[in-house]
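Student: Got a structure here, written out as structure tokens. Questions coming.
The values are calculated or read from the model by the stated rules, or taken from the named source; none is laboratory data. From a predicted model like this one, the values you see are computed outputs, not experimental measurements. Counting neighbours? That spans all protein chains shown, and the Cβs are built from the backbone with ideal geometry, glycine included.
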Amino acid sequence: MEYVEGENLKELIRREAPLALGFSLDIAAQVCDAVQSAHDKGIIHRDVKPQNIIIAPGGKAKVADFGLAKGLAWSSVSEAGVVLGTAHYLSPEQAQGQAATESSDVYAIGVVLYEMLTGRLPFQGDTAVAVALQHVQDEPVPPRRLNARIPQQVEGIILRAMAKDPSGRFASAREMAEAIRAYVRFGEETTSAFQPVQPAKPKNHTTPRVIQREPDLLAEEPATAGVDWLLLFLILTTIVCVLGLVPLGIQVYGALARPTPTPLPNVTVPDLVGLDLAQAEARLGALGLQLQSTGERYDDKVPAGRVLAQFIPSGSTVKTGEVVQVLVSKGQELIAVPPLVDRNVDHAIDILERLGLKADRRDEPNEKVPEGIVFEQFPSANTSVPRNSPVRLSVSSGNRVAVPDLFGKSEAEAQSTILGLGLATAPVNRQGVGDVPENQRWVFGQVPVGHVISQTPGAGTWVKRGTTIYLAVRRE
């Protein structure tokens, strides 16, 4: 296995928490990237926690220990009712013994970010069972109550990731990483460096010339002057009075120049998801709030140009003038259908699944194309279709053909179907009620006279072309 020099995140939290905001967000985004990479390959980690996150020199994060990882396609029947994972980072559904999903890993990342920024776990107890029950039943203490320096938008990201209902969380680890990076980008765009102003140099600066005079050796030495105590007393009194009036003057000037500001009123953030940008901006503007778009993302459900997510959750209380950041939908992602003709069907299906498309396999006889090879597709190559769209694959079955279901068809229609597939027919066996065992006579009530009541080989059987199909047809 890869050797990673550094320490795990838990050691860093114990030593330095709460960690710096920028560092914590960067680590959380990297963890989201790593977990999303696993999800893209069909793997759920199921035990994301700081002990399994290694911080290498330079701040690069590595997610390790996939000992409890599970494939998305693997059966979970043997795990029913079994709780897997570490209690403090366990999603509510895992705590209830349900199968872990990609959303379970998102919940755990939210707990890790909560711990980095507060230095505390959201739920604590004497036993693992007590902690697991809190994940299911209790709401965590809002992280801003534990660390007032956490921005409200970041608190919103944490609490959304830790939603009890998986449908209330980020749709994926990738979406959570985008939300984190969108917040970081906003901070960078709205922060500029302070440029100090250099003091102006005095103009026409000249050094005063000192005029020296020769001493008058014949002048009489002046008599020593006495101290004028009255003048000194008046000067000191004037200085004291002036200094005493300075603070009063400052207060008067401040009162006149800077009136006491009126506290900004609190408002409740509305739900913006699903609104177009103009509607969302108008709704916020009516409350004295501002709108800022932080980026766009594809979404199958929300039409293009509408709000897909907001970083201050609806229902939150904020001050008038607050900026509400939103993520805008780009609508359905269109995917170009790849060329699949002449490929092995298993390879073609794998390509479609990796692109987010579905395979609609149709096996058909084709003497010119080897068995298992795609000889036709629809839509054709390079056609743009929405994600999850089906792509029909016509796959050669070689010189074999599946026997059709002929039950209930008229004799003429059944014969025509058999011949059309390159199969052969034989003289028809006409049967009455008395010609079959009693337990099989029910079929006569299902079909009219002159229609097929049985066939050999049975429907769905793969046979070589030219194989004879035997029919039994109801008679009077």
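Student: So L334 fits all but one of (1) surrounded by fewer than 17 Cβ atoms within 10 Å (Cβ to Cβ); (2) modelled with pLDDT of 95 or more; what number is the exception?
Tutor: So the condition that L334 fails would be (2).
Student: While we're on this one: Identify the residue in segment 1-55 that is small (G, A, S) and on the phi > 0 side of the Ramachandran plot and, among all such residues, is nearest to the chain's Cα centre (by Cα).
Tutor: Here is the first cut: in segment 1-55, the residues small (G, A, S) are 6, 17, 20, 22, 24, 28-29, 34, 37-38, 42.
Next, from what is left, pick out any that are on the phi > 0 side of the Ramachandran plot: 6, 42.
Details: G6: 28, G42: 16 Å.
Selected residue: G42.
Student: Suppose the filter is at pLDDT 90 or above and either within 19 Å of P379 (Cβ to Cβ) or buried (at least 18 other Cβ atoms within 10 Å of the Cβ) (or both); does V273 pass it?
Tutor: no
Student: While we're looking at this one, here's another question. Being assigned to a strand (DSSP E or B), over 18 Å from W462 (Cα atoms) and out of contact with any Pro (no Cβ under 6 Å at 6 or more places or on another chain): is that true of V391 here?
Tutor: Yes: the conditions hold for V391.
Student: Moving on to the next point. Filter segment 1-49 down to residues that are of a type in the set (D, E, K, R) and in contact with a strand residue (DSSP E or B) (Cβ under 7 Å, 6 or more places away or on another chain) and give me whichever is nearest to D350 (Cα to Cα).
Tutor: As a first pass, look at segment 1-49 and keep what is of a type in the set (D, E, K, R): 2, 5, 7, 10-11, 14-16, 26, 33, 40-41, 46-47, 49.
If we keep only those that are in contact with a strand residue (DSSP E or B) (Cβ under 7 Å, 6 or more places away or on another chain) as well, we get 5, 7, 46.
Working: E5: 37, E7: 38, R46: 25 Å.
Of everything passing the filter in segment 1-49, R46 is nearest to D350 (Cα to Cα).
Student: F311 passes all but one of (1) more than 25 Å from the chain's Cα centre (by Cα); (2) modelled with pLDDT of 70 or more; which number fails?
Tutor: (1)
Student: Mind listing whichever residues of segment 281-305 are farther than 23 Å from L334 by Cα and either touching a residue at least 24 places away in the same chain (Cβ under 8 Å) or acidic (D, E) (or both)?
Tutor: E281, L284, L287, G288, L289, Q290, L291, Q292 - these are the residues of segment 281-305 that are farther than 23 Å from L334 by Cα and either touching a residue at least 24 places away in the same chain (Cβ under 8 Å) or acidic (D, E) (or both).
Student: Within segment 13-60, which residues are small (G, A, S) and part of a helix (DSSP H, G or I)?
Tutor: Hits for segment 13-60 are G22, S24, A28, A29, A34, S37, A38.
Student: Need pairs with beta-carbon distance below 8 Å; first residue closer than 11 Å to V401 by Cα and within segment 413-424, second among the polar types (S, T, N, Q); sequence gap 6+ or separate chains.
Tutor: From residues that are closer than 11 Å to V401 by Cα, the pairs are I418/T425; L423/T467; L423/T468.
Student: Yes or no: segment 437-446 includes at least one residue that is more than 57 Å from the chain's Cα centre (by Cα) and assigned to a loop (DSSP other than H, G, I, E, B).
Tutor: Yes.
Student: Here's a follow-up. Picking from A381, A359, which residue would you name as being within 14 Å of R343 (Cβ to Cβ), surrounded by 15 or more Cβ atoms within 10 Å (Cβ to Cβ) and out of contact with any Ser or Thr (no Cβ under 8 Å at 6 or more places or on another chain)?
Tutor: None of the others qualify; the one that does is A359.
Student: Does V323 satisfy the condition of being surrounded by fewer than 21 Cβ atoms within 10 Å (Cβ to Cβ) and either among the basic types (K, R) or closer than 25 Å to P386 by Cα (or both)? Quick ask: steps written out before the conclusion?
Tutor: Numbers: surrounded by fewer than 21 Cβ atoms within 10 Å (Cβ to Cβ): yes; either among the basic types (K, R) or closer than 25 Å to P386 by Cα (or both): no.
Answer is no for this residue.
Student: Then there's this: Hey, among G398, G408, which residue is at pLDDT below 90, within 55 Å of the chain's Cα centre (by Cα) and assigned to a loop (DSSP other than H, G, I, E, B)? Walk me through how you get there before you give the answer.
Tutor: On the way: G408 fails: at pLDDT below 90.
Every option except G398 fails the conditions.
Student: Scan segment 144-153 for residues that are more than 10 Å from Y114 (Cβ to Cβ) and either part of a helix (DSSP H, G or I) or among the small types (G, A, S) (or both) and report the count.
Tutor: 5
Student: Just for segment 410-451: of the residues that are surrounded by 14 or more Cβ atoms within 10 Å (Cβ to Cβ) and of a type in the set (S, T, N, Q), which one is farthest from R465 (Cα to Cα)?
Tutor: Checking each candidate, the answer is Q431.
Student: Using the structure shown, decide if T456 is farther than 30 Å from K358 by Cα, loosely packed, with under 14 Cβ neighbours inside 10 Å, β-branched (V, I, T) and free of Cβ contacts under 8 Å to residues at least 24 places away in the same chain.
Tutor: Against the criterion (farther than 30 Å from K358 by Cα, loosely packed, with under 14 Cβ neighbours inside 10 Å, β-branched (V, I, T) and free of Cβ contacts under 8 Å to residues at least 24 places away in the same chain), T456 qualifies.
Student: Another question, if that's okay. Filter the strands (runs of 3 or more DSSP E) completely within segment 277-348 down to those with at least 1 residues that are in contact with a Phe, Trp or Tyr (Cβ under 9 Å, 6 or more places away or on another chain) and within 24 Å of Q153 (Cβ to Cβ).
Tutor: 290-297, 307-310, 323-329
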